[in-house]
1. Restricting to region D:1-25, count the residues that are in a strand (DSSP E or B) and either of a type in the set (Ser, Thr, Tyr) or in contact with a strand residue (DSSP E or B) (Cβ under 6 Å, 6 or more places away or on another chain) (or both).
2. Checking residue A:146 against (1) more than 22 Å from the chain's Cα centre (by Cα); (2) surrounded by fewer than 21 Cβ atoms within 10 Å (Cβ to Cβ); (3) among the aliphatic types (A, V, I, L, M), only one condition comes out false. Which one?
3. Condition check: aromatic (Phe, Trp, Tyr), over 29 Å from residue A:111 (Cβ atoms) and within 14 Å of chain B (Cβ to nearest Cβ). Does residue C:66 satisfy that?
4. Specify which of the listed residues (A:175, A:191, A:160) is in contact with a helix residue (DSSP H, G or I) (Cβ under 7 Å, 6 or more places away or on another chain), more than 14 Å from chain C (Cβ to nearest Cβ) and over 20 Å from residue A:105 (Cβ atoms).
5. Do the conditions hold for residue C:220, that is, is it more than 29 Å from residue C:15 (Cα to Cα), in contact (Cβ under 8 Å) with a residue 24 or more places away in the chain and in a helix (DSSP H, G or I)?
6. Every residue in region A:205-244 that is touching a residue at least 60 places away in the same chain (Cβ under 8 Å) and at the interface with chain B (Cβ under 10 Å from one of its Cβ atoms), please.
7. May I ask you to say which residue of B:106, B:94 is more than 30 Å from residue B:123 (Cα to Cα), in contact (Cβ under 8 Å) with a residue 24 or more places away in the chain, in a helix (DSSP H, G or I) and acidic (Asp, Glu)?
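The values are calculated or read from the model by the stated rules, or taken from the named source; none is laboratory data. All figures in this text were calculated on a predicted structure; none of them were measured in a lab. Glycine also receives a Cβ, built like all others from the backbone with ideal geometry; neighbour counts cover every protein chain displayed.
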Amino acid sequence: MLHNKKTGRFAGIMIGLSMAFSSATYAQEDPIRISYIDPLSGPFALAGDGGLKSFHFAAQKLNEDGGILGRDIEIVPMDSKQSASEAVQLVQRSADEGINFVTQGNGSNVAAAIIEAIERNNRRNKDNKMLYLNYAAVDPALTNELCSFYHFRFDAASDIKLEALTNYMKDQEDISKIFLVNMDYSHGHFISERMAELVDERLPHAEIVGDVLHPVGKVRDFSPYVSRIQQSGADTVVSGNWGIDLALLVRAIDSAGLDVNVYTYYGGAGGVPAGIGPRGEGILRQVTEWHADVNVDEGLEDYEKWFQEFKKQYPQFDWYYHRIYNQMYMLKAAIEEVGNTDDVDAIALALEGMKFESPTGTVTMRAKDHQILQPMYISVMDTNAKYDAENSGVGFRTVASIPVEQATVETSCNMARP
Amino acid sequence: MLETIAYSIFNGVLYGTLLFMMSSGLTLIFGMMGVLNFAHASFYMLGAYFAYTLGLTTGFWLALILAPIAVGAMGALVERYGLRRVHQYGHVPELLFTFGLAYVIEELVALFWGTVPVPYKAPAVMNTTAFTMFDLDYSWFKVFILLVAVVMFVGLWLLLMKTRAGQVIQAALSRPDMVGALGHNVPLVFTLVFAFGCALAGLGGVVGGIQFVTDPGMAFMMGPIVFVVVVLGGLGSVPGALVASLIIGILQTFFLSINFSLAETIGTLNIEDSGFFGVLWHMEATRIAPVLPFLLLVLTLIFRPRGIFGKREA
Amino acid sequence: MATNTAAGGINALKLWPWLIVPFIAIVLPFVFDSGHTINLLSHMGVAIIFALSYNMLLGNTGLLSFGHAVYFGLGAFVAMHLLRAINDAGGTGLPIELLPLAGAAAGLGFGVIFGSFSVRRAGVVFAMITLGLGELVHSSSLMFTDFFGGEAGLFGYRDEAPSLLGVDYAPSRNVYFLVVAWTLIAAILIYLLRKTPLGWMANAVRDNPERAQFVGYNPTIVRYIQFVLSACFAGLAGGLFVITNEIVNDEVVGQLQSGAVLLGTFIGGIGYFIGPVVGASLVTFLESSLSAHTEAWVLYFGLLFISIVMFAPMGLVGIVHTQYLNWKAGGWKGNTGIRLYILVSGLVGIFGLICVIELSYHYFRSWDPGAPFILMGISTNATHLLPWLVSFAITIIGFGLMLLHGNPLLKRHISANSDGGKA
Amino acid sequence: MTIRNALELKGVKKNFGRAEIIRGLNLEVREHERHVIIGPNGAGKSTMFNLISGRLKVSEGSIKLFGNNIHNLPAHKVNRLGLSRSFQVTNLFQNMTVIENLRCSLLWSEGHKYAFWKSVLGQDSVTERAYELATRLNLTEQLSTQVSLLTYAQQRSLEIGCTVASGAKVILLDEPTAGMSRTEANDVVQLIQRMTGENTLVVVEHDLNVVFELADRISVLVYGEIIATGTPEEIRNNEAVQEAYLGTEVH
């Protein structure tokens, strides 16, 4: 399957020109194809690359076990260039090629565009409906105002992450002054607003002493922000930053010698551990549905093997996206329940409300809004962790595990069903 | 407030010196050759990567010297076999050439070193705290950055003022059309100046790569800011570049360090946080800060195209 | 009378592209009927208008802009707000066919405002102002979320709006025909603008602003009007983009968009009317197809652009045109073989270079460089020496023959011929 | 005297930094006359032209064109008030053909301004005048030749043609015969006489044969000041001029 991708890729540029026009018609007994629409070039390529490798690996494992309905799974990589309009075109291309499943994760703006594009396709093109499996876009709107029957989210939405985080924080009496540093777009705006509400409601021993938004990917020197954190006397920082913006923030905090804990969404991925290295030890915390040392903490031998095999195959990356495991197996279960891949409505109905025994516990795809509910973990960067993140010499150690009930938020979704 | 000001000045100077390391090279190249080198920040990036790779075998200190030389050599090659050819077509193709070059260098860096940031770090000894000001630690590395910048500025100044090569460059900066008349091998002078400018950017990269992050995106992020510095300082003026670097560094740091918006300071005056002016009224200084350089760029070009110290217009 | 007939003949000759190209454009969707391809064609149409408007600045007036997407994008946003208002009104209001006019009006308006201080100087100052303005507008697109819809952008539905012609615009093909119509209208208008006093003086100001002053023209005003008109067409393209994409977000005003139009226009050839048409089509096509076949597409793109700048500053159309003129003037006589030889050896060199690049990407980027992969139809192993040697050899032989043997051969041949002619 | 002054310079000064290049210059050019400026190198002749044509700003004093102040106006405004000029170095639209250059030069004076709703080629009066000018310039053979491919002398005459075409009443020519052979220079002088007719002409010239053939009156510029003005005869006999200028050049 990897082989197939290479064949396509190296077919030669000259041939490639003519190939794009030949929207081939595929025979039915071909593999079940899933379009992977994420950035594979440009500044965000790293994130897209990691996700793609994880999907390839999961598909490979599933295929070794006989695939779905005896058919292989093929991941079709499509470069969204992190552009919403490009993604819309790629959805169209997937539809042309008869692909029924689209997966994407980087950027809620791209996710919203894909939902729109798929809704539109399913309305205008009833013979070739599509399903969107979202593995990482966390904007709560996607399962609230914008919720769609054809969209399923396997990652915890931003509001769920904050729910889990504050449920943990409310028992931490030493947290008294919280500073929010977030990126200046809807993701960051949401955290800044929701966190203020949650602190009011739930953390009587704490207050928010600062709240800054900074532009995405443009700040090279975070020390001014650090000075503000220092002046505010904060002991805790909460940040939804990702990638470089998080790495630079934590580095600046460390080099100023500030004694604060930084709670993040994305501390363990997207080049952050590699960018920070051991300097993040004891500072950087994350709230995720999984991290490598959960294997050790919970004695998940089988899953640890899965993890190690992945590492062996892709030494540069880690098995970070536990949700891709959930997503692929739940999709398999749904397709096998329906018995074909064409009846997308039926597959969607099968996924709705599905309960799945994941290595970390039971996860449920909530029928009302297609948001997965799963246990969460709070972890902290630690050099003693068994597994390094991104070969940086530091990994993560569980600080607390949050049961499903404490990682659940009501939804306002009222979706139209076929 | 005093704390904020003192802090802004110190950190602004620190950031400004890094900007200066990059912009001094660009201003020399522009002043002399009229080439606004879009790929200048790419050479800055190459400096960081070279230093990282060399440092693995030679150690940091040797790499500090070797990496800029390597970058300078790259610059010489680019000038000799690329720019010189395009030169005959005029300035716009030159600009476009460097524009394309920036893309290619970024891709090649991502190819050879990967898209993940490389673990390029300062020697352990420089990570220890040098001094503490208002409860914030400053490492020896930050002191080192200042030191490098000072050495660089003094070196440049001596080179331009006290050596014969400097005299030629100075003459060329004020009257580029007259260099030929001085009886110098103009193409060779161009190559050397370009290489030297790139080497300066490379030196900036050696230091900046540690202070920030060494990844293939670093050039793309730094690029436009360097232009701003060069334009604001006055094209071709090294002291101008220094002053502009410091101004931008301090101003930006100050905007980031204060908690300010018109609404908070004056009162909301029942202006809602929507609509063009409403949003502006409620806009916090921290959100404006990163846009500030571009605002300065546009305003400078409208009202004083020659910049602060420039003698001639762009 | 005789001269009149002659002139008429020339006009008919010059008219044929205007008939052939639309004909091909209308036939195309029946040949390639996949929705994606038709969408791609629609995007080409939008890109063509945008590139033509860009060339009104770069090619015609000599103004290098790094922020032309501002007008494209603002036009798109205004058109999108209008479309949403039409959607909200239950599909009543402005007919969808005229929506691009709203974009054009917006482009014009912003062109009037921003142009007033951008065009006072040409050259580097203009380039830098547009760069700064581009950054400012792009940054504010994420601050003023009411208008720009934040990073998620704005959606609208083209099929929930009245149609002047009673067409259902849900299927991509119908939209494509609308795009063709608008592209044709815009292209004709832009073409005609080149023939007016303003168009002539734009060229004059590009070549020699001082001389233009001494025949009575204020170069700033020439640039300004040209800039405003160009912004207007960019806005028109933006309005059309709304219909094809039904989504608009911050990237339409972004630097990548501005860079893409510059790349496309230049690759096609800024000195020719059809240069931007060819360039924009090619870039749009490559961007969507090349990226599906190779990881190295950005590198190929950059290399293509640099080679054009270095070796063919008049662009692809320029290469074809000079060769055509040369051929017509008899310059190919007796050396067609040598020219073919240069072309083939150059292609061999490019082929070898592609092999080297693909090998490198496999070797450096793949998780397992030793895994066999298919290179140009042959299964190879990137950790072995042989494929590298062969690829490098092909590259060196190809380019070597072209530069060290073919080119001098051609030069000798030409100079020998012209000497012979003189003697 | 009913003849009015076409051009009037009063106490014009120009400094570049501390260097004073034009030091209180007074000059009157009468309507319809051909006025030649002579003077040694570095006397400020080109600077004077640049001041009159709006290329440089005047430090002090005033310049009047038919009674209107024109100093410190931008060049295109000066042109619209009726003054045009040629340059020492050929200054044409290099990428255009001969006929295109002529058309461009005619557009403003024919009142087409910045129009973008009419075709240039459709303007018959422009076409007519352009062809007529080309005939008078002896450039009918080269109509669609790109100007960069013309000979030097052809480029110079085209430039004179373009200057005249812009409809100006006062024309400044900066060394129209510089770098030409004797026969070429003679041709140009005839061309100038033929082309300029009723116009007021101000010429900077080095070649004294040309000067005396062309001039109605001559002014002598030395070190930023006019030291004498008069008919060729008067200038020839002026002692101060002989001392300061002619004497040193014509041995």
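1. Number of matching residues: 15.
2. Unmet for residue A:146, out of (1) more than 22 Å from the chain's Cα centre (by Cα); (2) surrounded by fewer than 21 Cβ atoms within 10 Å (Cβ to Cβ); (3) among the aliphatic types (A, V, I, L, M): (1).
3. Criteria met by residue C:66.
4. Residue meeting the stated conditions: A:175.
5. When the stated conditions are applied, residue C:220 passes them.
6. The answer is A:217, A:243.
7. B:94 is the lone residue from the list that is more than 30 Å from residue B:123 (Cα to Cα), in contact (Cβ under 8 Å) with a residue 24 or more places away in the chain, in a helix (DSSP H, G or I) and acidic (Asp, Glu).
Here is a yes/no grid of residues against (1) within 7 Å of chain D (Cβ to nearest Cβ); (2) more than 18 Å from residue D:120 (Cβ to Cβ); (3) touching a Leu at 6+ places or on another chain (Cβ under 9 Å):
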| residue | (1), (2), (3) |
| --- | --- |
| C:194 | no, no, no |
| C:201 | yes, no, yes |
| C:212 | no, no, no |
| C:217 | yes, no, yes |
| C:220 | no, yes, no |
| C:223 | no, yes, yes |
| C:233 | no, yes, yes |
